[in-house]
Amino acid sequence: MQENNITLAWKLYEEGRLYNNNLVPNQYNVVNTNTEFFAGNQWINLPDTPAMRGLPKPTFNILKRVASLFIASLTSSGVALRFEPLAYYDGSNLADPDHDAAAIANAEVGNLLEKFKMDYRLRDALFDGAISGDYCAHFYYDPDALPYGGAFGAHRGEIQMELVDGINVMFGNPNDRQVERQPYILLVGRDTVEHLRWEAKRFQKNRKLYKSGTANDAGSDLLDASITPDQENQDFTGVGGKTEIVSDDGNGKALYVLLYTKDSKEADLLDANGDVVYEDVLDGDGNPVYEDGVLDADGNPVPKRKPAKIIETTVRVTKATRTAVIYEDVDTGLTRYPIAWGNWEKQKNQYHGRALVTGLIPNQIFINQAFATAMRHLQLTAFPKTVYNADLISSWNNEVGQTIGVRGLQPGQAISQVAYNLQPAEMSNQIFSLIDKTMAYTKECLGATDAQMGNVKPDNTSALMVLQTNAEVPLENIRSGVYEWVEDIGAILLDFMGTYYGTRPVVMEQEFEEPIMAPGGIPQIDPMTGQMMTQKLVRKVLKEFDFSQFKHLWLNLRVDVGATTYYSEIAMTQTLDNLRRDGTLRDLQGVLYFTDGKGTYPTRRPPYETAFLFLETGTPPPDTPPWAMRLVLQPEELEQHDHKAPPKG
């Protein structure tokens, strides 16, 4: 839709810009200032005066160190998405109808996260949050991509992920940070004019394949004339966002807007088989309404039935520049916005978060200024100044070994009356004490303790655990926001798979039980039982699955976190080595590790037997080092041991 040659998407973008500019402080200024300070450009916008030109400009970047420390701590735990079926007790057995679907979802989401390089993307997102206050992941479907490089047939289409600067995301209701409650969401970006023209012409040519949406009906020449380079990059973050290659052939860049909206309508409720679900007709008091004069086989009145209704929601997308529509109102088939949004620190009544860097900048400026003035003082007064009698000495020479001639010196006149060195005033040590205290208090208020900074060496394992636990407390709110963001990503991926995948192969792990073979190729026999010895192996297999089932299934989603901080498997092994070395553990024969498998395993075999114990979760346990035993415990086994444990006295 266009009015006065300005597209609707562009008008909404102008409203979003106005909102960001009206915030106090201005959101664009905040993000740009934070970006420059984090990068170390902390002496910007100084007045051009002789005093400023002569002032040293040191940078002691505590911002970067604290932010990097926090992000390293937040990402030191492995994060994994897990889907679970809606299991329930049916009176005799645990009904688990969707177990296979959950296993498929876990396998495919794991493959996608590996393809996205999610561990690195998570770090990048948190750096965005620490600097700008917001982090955002945008997902889209690439219909031309070949899954697994085309190795398993002619299936086409893959889910793609990109991180978007928070300042380039605009909510239709900016006072609410909940994504799914938004009337619309805008994503702003810049692309080459050549590619935008190609995209518009491609949609125009293939409009029938999309079955929805409106194409730009302009002819080729008119379309090219409506999509032209612009200079609308002043609101993009950092120097890099504002600097582009200048093209002489008219094929520069133009700003585009992606407009996501939701369309809701009433529809029949369908079951997993695609059949309509019916419900009783009720009167105003909530009582069933019966068919007139109709009885069932037992002579009871038959209640009236009607199709159950639900509100069906679909997401539509429009892409446009200032004066041209690339495509408009295309039905994506998705039920969720393809956007995962997170804040470093939530703020009341707005969708933008508060960045870590924002609160540190005043302290950072003071530290730099204090050091700068101290350095300037030393430059001006570090060396003594010589005062000499110009009547006796024509000129002064400070060159090493050079003689200075004196004329008219009277007998008995002291040499101090000819020349004298003025000693500079000493600088107060209070300035350096204040700088140290400012840095220390800044870190303390942020929760950047000595334990996190690596400045503490605990004497025992208890002290290590206490220090590490206390150091993690200030980050718990940030960490919970990250886990919520990852869960949103899982829900978005499930929506994409159910909408676009159809039937296609998926690579997943499957556990096999195979006989243990002797060197001669003969199965080994257990001498105690006389039975063939077996071992469980996990192999990757290829399975076909109809992913459209996900549109009618409910799967519980959770984030699993594995501790890989100081007290991980490798850290515990090192601690045991230290305890053996100092004689605390004299006759250690073996160690049992209760673990989730997400930690870091030792690379070398310790001088004692080792077993890693896992709790049965329905999925194959992770691989362990070849020199260690791997045992899987059922939950009821732990419960039995708990009941048999002797009372504590």
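The values are calculated or read from the model by the stated rules, or taken from the named source; none is laboratory data. This structure is a prediction, so every number in the text was calculated from the model and none was measured. Because the Cβ atoms are built from the backbone with ideal geometry, glycine has one as well, and the counts that use them run over all protein chains shown. Please note that ligands, DNA and RNA were not included when accessible areas were found on the heavy atoms of the full protein model with its side chains. Shrake-Rupley method; radii C 1.70, N 1.55, O 1.52, S 1.80 Å.
For Gln178 and Ser428, a Förster radius of 35 Å and the Cβ-Cβ distance give a FRET efficiency of 0.05, rounded to the nearest 0.05. Could you please report the charge total around Phe512, scoring K, R as +1 and D, E as -1 over all other residues with beta-carbon less than 13 angstrom from its beta-carbon? Surrounding charge for Phe512 is -1. The C-alpha atoms of the chain define a longest principal axis, and helix 476-496 lies at about 40 degrees to it. Rounded to whole numbers, the Karplus 3J(HN,Hα) couplings from phi for the stretch 395-403 are 7, 9, 10, 9, 5, 5, x, 7, 8 Hz, using 6.51 cos²θ - 1.76 cosθ + 1.60 with θ = phi - 60°, and x at Gly and Pro.
Grab the beta carbon distance between Met528 and Glu609, set R0 = 22 Å, and tell me the FRET efficiency rounded to 0.05. It would help to have the intermediate numbers written out before the result.
On the way: r = 19 Å, r/R0 = 0.88.
In this case the efficiency is close to 0.70.
Ordering of 478-488, 493-503 by packing is 493-503, 478-488, highest average first (other Cβ atoms within 10 Å, averaged per residue). If you look at the Cα atoms of the stretch 145-250, you get an Rg and a Dmax of 18.0, 47 Å.
State the dimensionless ratio Rg/Rh of the stretch 131-176 (Rg: radius of gyration of Cα atoms; Rh: Kirkwood radius). Before the final figure, lay out the partial values.
Working: Rg = 16.0 Å, Rh = 13.1 Å.
Radius of gyration over Kirkwood radius for the stretch 131-176 works out to 1.22.
Summarising the amide proton neighbourhood of Arg190: residues at separation of 5 or more, or on other chains, whose placed amide H is nearer than 5 Å comprise Tyr256.
Under the simplified labelling scheme, the Gln347-Asp248 pair shows an inter-label distance of 4.5 nm, with each label point 7 Å from Cα along Cα→Cβ. Of interest is the spacing of the C-alpha centroids, which for the stretch 20-67 and the stretch 395-412 amounts to 50 Å.
Using the C-alpha gyration tensor of the chain, what are the square roots of 5 times its eigenvalues, in whole angstrom, with the largest one first? Mind dumping the intermediate values first?
On the way: eigenvalues 733, 372, 117 Å².
Sorted largest first and rounded, they come to 61, 43, 24 Å.
For q = 0.11, 0.24 Å⁻¹, what log10 I(q)/I(0) does the stretch 350-444 give under the Debye formula with an equal point scatterer on each alpha carbon and no solvent? So the normalised log intensities work out to -0.59, -1.22. Restricting attention to the stretch 238-351, the count of lysine pairs at 8 or more positions apart or across chains with alpha carbons under 20 Å apart stands at 6.
On a 0 to 90° scale, report how tilted helix 62-74 is relative to the longest principal axis of the chain, with both axes built from alpha carbons and the result rounded to the nearest 10. Approximately 20 degrees, to the nearest ten. Computed 3J(HN,Hα) for the stretch 387-394, one whole-Hz value per residue from the Karplus formula 6.51 cos²θ - 1.76 cosθ + 1.60 where θ = phi - 60°, is 10, 10, 7, 5, 6, 9, 10, 5, glycine and proline marked x. By the helix-only formula, in which each DSSP H run with n ≥ 4 contributes -39500 (n - 2.57) and the sum is divided by residues, the chain has a 222 nm mean residue ellipticity of -10000 deg cm²/dmol. A 1.4 Å probe run over the chain, with the rest of the protein chains in place, finds 58 Å² accessible per residue.
For the pair Thr313 and Glu616, label points projected 7 Å from Cα toward Cβ lie 3.9 nm apart. Using the Cβ-Cβ distance between Asp100 and Asn556 with R0 set to 25 Å, the FRET efficiency from 1/(1 + (r/R0)^6) comes to roughly 0.95. On full extension, the segment bounded by Thr381 and Leu146 gains 77.6 nm, given 0.36 nm per residue less the C-alpha separation. Helix 635-644: angle to the longest alpha-carbon principal axis of the chain, degrees 0 to 90, nearest 10? So the inclination is approximately 80 degrees. Largest accessible area first, the residues Cys445, Cys136 order themselves as Cys445, Cys136 under a 1.4 Å probe with ligands, DNA and RNA left out.
Using only C-alpha positions, report the orientation-averaged shadow area of the convex hull of the stretch 1-52, nm², one decimal. Write down the numbers at each step before the final one.
Values: hull surface 24.4 nm².
Directional mean of the projected Cα hull area for the stretch 1-52 stands at 6.1 nm².
Each distinct pair of alpha carbons in the stretch 231-301 adds a 1/r term; the inverse of their mean, the Kirkwood radius, is 19.8 Å. Taking a straight line from the alpha carbon of Lys57, these lysines sit under 22 Å away, with near neighbours fewer than eight places off in the same chain left out: Lys437. Just how far, in whole angstrom, is the stretch 303-322 from the stretch 500-522 if you go by their alpha carbon centroids? A separation of 42 Å, based on Cα centres.
For Lys306 and Ile516, compute 0.36 nm times the residue count separating them, minus their Cα-Cα distance, and round to one decimal in nm. Before the final figure, lay out the partial values.
Working: separation 210, 0.36 × 210 = 75.60 nm, distance 6.04 nm.
Value of the extension gain: 69.6 nm.
Gain on full extension, evaluated as 0.36 nm per residue between Thr373 and Ser220 minus their Cα-Cα distance, stands at 48.8 nm.
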